[in-house]
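K.L.:
Sharing a structure here in C-alpha coordinates format.
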Amino acid sequence: MKVFLLTLVPLLPVLVLAQSAQAPMPDVPTLLREVEEHQHALDQVRENYTYHETTITHELDKNGKIKKSSSEEAEVFFVNTHEIRRKIKKDGKPLSSDEQQKEQQRVQKAVEKAIKDPPGQSTYKNQVSVSRLLQLMKVSAPRREQMDGRSVLVFDFTGDPHARTHGAEEAALKKISGTVWVDEQDRQVRRMTATFDDNFHLGFGLFSVGKGSRFTFDQKLINNELWLPTGAQIHLVAHALGVLGWRGDVQITDDDYQKFHVDASQQSGATVVHESGRRPPERRPSV
(Lines give C-alpha, C1' and ligand atoms only; values in the text may rest on other atoms or scores of the structure.)
Protein backbone atom coordinates (compact mmCIF):
# COMPACT_ATOMS: atom_id res chain seq x y z
CA MET A 1 0.00 0.00 0.00
CA LYS A 2 2.81 2.39 0.88
CA VAL A 3 4.49 1.78 -2.49
CA PHE A 4 1.26 2.56 -4.36
CA LEU A 5 0.78 5.80 -2.43
CA LEU A 6 4.31 6.93 -3.25
CA THR A 7 3.65 6.10 -6.89
CA LEU A 8 0.44 8.12 -6.97
CA VAL A 9 1.87 11.08 -5.10
CA PRO A 10 5.55 11.19 -6.15
CA LEU A 11 6.23 14.63 -4.72
CA LEU A 12 5.01 13.85 -1.20
CA PRO A 13 8.12 11.92 0.01
CA VAL A 14 10.39 14.71 -1.23
CA LEU A 15 8.44 17.32 0.70
CA VAL A 16 8.34 15.17 3.84
CA LEU A 17 12.07 14.48 3.69
CA ALA A 18 12.87 18.15 3.19
CA GLN A 19 10.71 19.16 6.14
CA SER A 20 12.15 16.40 8.34
CA ALA A 21 15.73 17.30 7.45
CA GLN A 22 15.14 20.90 8.54
CA ALA A 23 13.62 19.97 11.90
CA PRO A 24 16.07 20.19 14.83
CA MET A 25 17.25 16.97 16.44
CA PRO A 26 15.43 16.30 19.73
CA ASP A 27 17.19 16.31 23.07
CA VAL A 28 18.40 12.71 23.61
CA PRO A 29 17.33 12.33 27.30
CA THR A 30 13.88 13.64 26.35
CA LEU A 31 13.77 11.24 23.40
CA LEU A 32 14.60 8.27 25.63
CA ARG A 33 11.86 9.22 28.09
CA GLU A 34 9.41 9.39 25.19
CA VAL A 35 10.54 5.95 23.96
CA GLU A 36 9.85 4.46 27.38
CA GLU A 37 6.48 6.24 27.68
CA HIS A 38 5.38 5.05 24.26
CA GLN A 39 6.37 1.48 25.08
CA HIS A 40 4.30 1.54 28.27
CA ALA A 41 1.33 2.89 26.30
CA LEU A 42 1.53 -0.12 23.95
CA ASP A 43 1.85 -2.76 26.69
CA GLN A 44 -1.88 -3.38 26.85
CA VAL A 45 -2.18 -3.72 23.06
CA ARG A 46 0.68 -6.24 23.02
CA GLU A 47 -1.40 -8.66 25.06
CA ASN A 48 -3.70 -9.10 22.05
CA TYR A 49 -0.87 -10.59 19.98
CA THR A 50 1.16 -13.76 19.79
CA TYR A 51 3.96 -14.64 17.38
CA HIS A 52 6.29 -17.46 16.36
CA GLU A 53 9.99 -17.35 17.23
CA THR A 54 12.75 -19.51 15.74
CA THR A 55 16.20 -19.58 17.33
CA ILE A 56 19.09 -21.19 15.43
CA THR A 57 22.41 -21.63 17.25
CA HIS A 58 25.68 -22.43 15.47
CA GLU A 59 28.57 -23.47 17.71
CA LEU A 60 31.86 -22.39 16.09
CA ASP A 61 35.42 -23.62 16.29
CA LYS A 62 38.41 -21.31 16.80
CA ASN A 63 38.54 -20.67 13.05
CA GLY A 64 34.88 -19.63 12.89
CA LYS A 65 33.67 -22.81 11.20
CA ILE A 66 30.41 -24.41 12.36
CA LYS A 67 30.93 -27.44 14.63
CA LYS A 68 27.35 -28.03 15.72
CA SER A 69 23.92 -26.53 15.05
CA SER A 70 20.66 -26.64 16.96
CA SER A 71 17.28 -24.95 16.68
CA GLU A 72 14.29 -24.21 18.84
CA GLU A 73 10.83 -22.88 18.00
CA ALA A 74 8.50 -21.19 20.43
CA GLU A 75 5.20 -19.37 20.66
CA VAL A 76 5.55 -15.95 22.33
CA PHE A 77 2.70 -14.12 24.05
CA PHE A 78 2.21 -11.53 26.80
CA VAL A 79 0.51 -11.66 30.20
CA ASN A 80 0.15 -8.55 32.36
CA THR A 81 2.80 -6.90 30.07
CA HIS A 82 5.25 -9.78 30.70
CA GLU A 83 6.64 -11.88 27.86
CA ILE A 84 6.01 -15.66 28.00
CA ARG A 85 7.62 -18.26 25.69
CA ARG A 86 6.17 -21.72 25.08
CA LYS A 87 8.60 -24.09 23.33
CA ILE A 88 6.93 -26.14 20.59
CA LYS A 89 9.82 -27.68 18.62
CA LYS A 90 13.43 -28.73 19.19
CA ASP A 91 15.75 -29.26 16.20
CA GLY A 92 12.75 -29.22 13.87
CA LYS A 93 10.85 -31.94 15.76
CA PRO A 94 7.71 -31.42 17.88
CA LEU A 95 8.12 -32.04 21.60
CA SER A 96 7.28 -35.50 22.88
CA SER A 97 4.22 -35.99 25.08
CA ASP A 98 6.34 -35.87 28.23
CA GLU A 99 8.20 -32.79 27.03
CA GLN A 100 4.92 -31.07 26.17
CA GLN A 101 3.55 -31.78 29.62
CA LYS A 102 6.66 -30.42 31.34
CA GLU A 103 6.65 -27.35 29.11
CA GLN A 104 2.98 -26.71 29.81
CA GLN A 105 3.64 -26.89 33.53
CA ARG A 106 6.56 -24.49 33.21
CA VAL A 107 4.48 -22.06 31.15
CA GLN A 108 1.61 -22.23 33.63
CA LYS A 109 3.95 -21.28 36.45
CA ALA A 110 5.36 -18.44 34.34
CA VAL A 111 1.83 -17.16 33.65
CA GLU A 112 0.90 -17.30 37.33
CA LYS A 113 4.07 -15.38 38.21
CA ALA A 114 3.41 -12.81 35.47
CA ILE A 115 -0.08 -12.18 36.83
CA LYS A 116 1.32 -11.51 40.31
CA ASP A 117 4.31 -9.42 39.22
CA PRO A 118 3.75 -5.67 38.81
CA PRO A 119 3.12 -4.74 35.16
CA GLY A 120 6.00 -3.05 33.40
CA GLN A 121 8.68 -4.83 35.44
CA SER A 122 10.67 -7.60 33.84
CA THR A 123 9.98 -11.11 35.11
CA TYR A 124 13.65 -11.83 34.33
CA LYS A 125 15.71 -10.23 37.09
CA ASN A 126 18.82 -10.03 34.91
CA GLN A 127 17.08 -8.29 32.02
CA VAL A 128 17.86 -4.63 31.36
CA SER A 129 15.52 -2.47 29.25
CA VAL A 130 16.72 -0.64 26.16
CA SER A 131 15.86 2.71 27.72
CA ARG A 132 17.90 1.85 30.84
CA LEU A 133 20.81 0.69 28.67
CA LEU A 134 20.91 4.03 26.89
CA GLN A 135 20.87 5.88 30.22
CA LEU A 136 24.27 4.29 30.91
CA MET A 137 25.71 5.49 27.61
CA LYS A 138 27.32 8.58 26.18
CA VAL A 139 25.71 9.40 22.85
CA SER A 140 27.20 11.14 19.82
CA ALA A 141 26.70 11.87 16.11
CA PRO A 142 22.90 12.40 16.13
CA ARG A 143 21.47 12.26 12.61
CA ARG A 144 18.43 11.33 10.52
CA GLU A 145 18.10 8.43 8.12
CA GLN A 146 15.34 6.63 6.25
CA MET A 147 14.39 3.03 7.09
CA ASP A 148 11.37 1.22 5.63
CA GLY A 149 10.30 4.53 4.14
CA ARG A 150 10.10 6.14 7.60
CA SER A 151 12.28 8.77 9.22
CA VAL A 152 14.52 7.43 12.00
CA LEU A 153 16.69 9.29 14.50
CA VAL A 154 20.11 7.69 14.71
CA PHE A 155 22.94 8.13 17.19
CA ASP A 156 26.04 6.24 18.28
CA PHE A 157 26.66 5.34 21.90
CA THR A 158 29.46 4.10 24.12
CA GLY A 159 29.59 3.13 27.78
CA ASP A 160 29.81 5.99 30.25
CA PRO A 161 32.50 5.02 32.81
CA HIS A 162 30.99 7.49 35.32
CA ALA A 163 27.40 6.22 35.09
CA ARG A 164 25.94 4.74 38.27
CA THR A 165 24.94 1.10 37.84
CA HIS A 166 23.04 -1.49 39.85
CA GLY A 167 24.21 -5.08 39.59
CA ALA A 168 26.67 -6.90 37.37
CA GLU A 169 24.41 -6.79 34.31
CA GLU A 170 24.28 -2.99 34.22
CA ALA A 171 28.02 -2.76 34.91
CA ALA A 172 28.62 -4.99 31.88
CA LEU A 173 26.68 -2.62 29.66
CA LYS A 174 29.22 0.12 30.33
CA LYS A 175 31.69 -1.90 28.24
CA ILE A 176 29.66 -1.86 25.04
CA SER A 177 29.32 0.56 22.14
CA GLY A 178 26.99 0.68 19.19
CA THR A 179 24.28 2.49 17.27
CA VAL A 180 20.53 2.89 17.82
CA TRP A 181 17.81 3.82 15.33
CA VAL A 182 14.58 5.33 16.78
CA ASP A 183 11.44 5.73 14.67
CA GLU A 184 10.85 9.48 14.68
CA GLN A 185 7.07 9.36 14.49
CA ASP A 186 6.35 6.56 16.97
CA ARG A 187 9.36 7.04 19.28
CA GLN A 188 10.14 3.30 19.22
CA VAL A 189 13.54 1.62 18.87
CA ARG A 190 13.65 0.27 15.31
CA ARG A 191 17.14 -1.25 15.44
CA MET A 192 20.08 -1.49 17.80
CA THR A 193 23.57 -2.86 17.28
CA ALA A 194 26.14 -3.22 20.05
CA THR A 195 29.61 -4.72 20.57
CA PHE A 196 31.51 -5.62 23.76
CA ASP A 197 34.70 -3.57 23.71
CA ASP A 198 36.32 -5.51 26.56
CA ASN A 199 35.99 -8.79 28.44
CA PHE A 200 33.50 -8.80 31.26
CA HIS A 201 33.47 -11.29 34.15
CA LEU A 202 30.33 -12.67 35.77
CA GLY A 203 29.65 -15.10 38.60
CA PHE A 204 32.68 -14.31 40.79
CA GLY A 205 34.95 -14.52 37.77
CA LEU A 206 33.86 -18.05 36.81
CA PHE A 207 32.33 -16.90 33.52
CA SER A 208 33.11 -14.06 31.14
CA VAL A 209 31.71 -12.53 27.96
CA GLY A 210 34.59 -12.01 25.56
CA LYS A 211 35.64 -8.87 23.76
CA GLY A 212 34.15 -8.76 20.27
CA SER A 213 30.82 -10.32 21.23
CA ARG A 214 28.08 -8.40 19.44
CA PHE A 215 24.35 -8.35 18.84
CA THR A 216 21.75 -6.73 16.60
CA PHE A 217 18.09 -6.29 17.54
CA ASP A 218 15.22 -5.34 15.18
CA GLN A 219 11.54 -4.61 15.58
CA LYS A 220 8.86 -3.20 13.28
CA LEU A 221 5.39 -1.71 13.27
CA ILE A 222 2.76 -4.45 12.94
CA ASN A 223 -0.68 -3.69 11.44
CA ASN A 224 -0.03 0.03 12.02
CA GLU A 225 -0.88 -0.77 15.64
CA LEU A 226 2.17 -1.67 17.69
CA TRP A 227 5.87 -2.53 17.54
CA LEU A 228 7.00 -6.14 17.94
CA PRO A 229 10.38 -7.90 17.48
CA THR A 230 11.27 -9.19 14.03
CA GLY A 231 14.58 -10.77 14.93
CA ALA A 232 18.06 -10.58 16.40
CA GLN A 233 21.57 -11.76 15.62
CA ILE A 234 24.13 -12.55 18.32
CA HIS A 235 27.81 -13.43 18.05
CA LEU A 236 29.00 -14.63 21.45
CA VAL A 237 32.48 -15.36 22.71
CA ALA A 238 32.29 -16.83 26.22
CA HIS A 239 34.80 -18.24 28.65
CA ALA A 240 34.24 -20.40 31.72
CA LEU A 241 36.65 -21.59 34.41
CA GLY A 242 38.56 -24.59 33.08
CA VAL A 243 37.10 -24.20 29.58
CA LEU A 244 39.08 -22.70 26.71
CA GLY A 245 36.07 -20.86 25.37
CA TRP A 246 32.80 -21.09 23.51
CA ARG A 247 32.01 -19.28 20.29
CA GLY A 248 28.67 -19.20 18.62
CA ASP A 249 26.30 -17.39 16.31
CA VAL A 250 22.65 -17.15 17.29
CA GLN A 251 19.98 -16.07 14.82
CA ILE A 252 16.46 -15.26 16.08
CA THR A 253 13.57 -14.79 13.67
CA ASP A 254 10.11 -13.59 14.73
CA ASP A 255 7.12 -13.91 12.39
CA ASP A 256 3.55 -15.22 12.00
CA TYR A 257 2.01 -12.43 14.08
CA GLN A 258 -1.50 -13.42 15.18
CA LYS A 259 -4.16 -11.28 16.80
CA PHE A 260 -6.60 -12.71 19.32
CA HIS A 261 -10.37 -12.38 19.03
CA VAL A 262 -12.34 -11.62 22.17
CA ASP A 263 -13.16 -15.33 22.39
CA ALA A 264 -9.39 -16.05 22.53
CA SER A 265 -9.28 -17.69 19.09
CA GLN A 266 -6.74 -16.34 16.62
CA GLN A 267 -6.99 -14.77 13.22
CA SER A 268 -4.42 -14.63 10.47
CA GLY A 269 -3.53 -11.43 8.70
CA ALA A 270 -1.27 -9.70 11.20
CA THR A 271 1.73 -9.27 8.94
CA VAL A 272 4.91 -7.29 8.63
CA VAL A 273 6.59 -6.45 5.33
CA HIS A 274 10.33 -7.06 5.43
CA GLU A 275 12.87 -4.72 3.83
CA SER A 276 12.87 -6.98 0.77
CA GLY A 277 9.16 -6.19 0.33
CA ARG A 278 8.19 -9.83 0.91
CA ARG A 279 5.87 -11.05 3.63
CA PRO A 280 7.00 -13.80 6.01
CA PRO A 281 5.99 -17.37 5.07
CA GLU A 282 2.49 -18.50 5.95
CA ARG A 283 2.21 -20.67 9.05
CA ARG A 284 -0.72 -22.26 10.81
CA PRO A 285 -1.52 -20.86 14.25
CA SER A 286 -0.35 -22.96 17.19
CA VAL A 287 -3.03 -24.59 19.32
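K.L.:
Specify the residue that is modelled with the highest pLDDT; the eligible residues are those in region 160-176 that are crowded, with 17+ Cβ neighbours inside 10 Å and in contact with a strand residue (DSSP E or B) (Cβ under 6 Å, 6 or more places away or on another chain).
P.N.:
Taking the candidates together, the pick is I176.
K.L.:
Return the residues of region 21-64 that are part of a loop (DSSP other than H, G, I, E, B) and more than 28 Å from L136 (Cβ to Cβ); say none if nothing qualifies.
P.N.:
Hits for region 21-64 are E47, N48, D61, K62, N63, G64.
K.L.:
Now for a different question. Quick check on region 76-116: of everything there that is of a type in the set (D, E) and not in a helix (DSSP H, G or I), which residue is surrounded by the most Cβ atoms within 10 Å (Cβ to Cβ)?
P.N.:
E83
The values are calculated or read from the model by the stated rules, or taken from the named source; none is laboratory data. The structure presented is a predicted model; accordingly, all values stated were derived computationally and were not measured. Cβ sites come from the backbone with ideal geometry, for glycine too, and all protein chains shown count toward neighbours.
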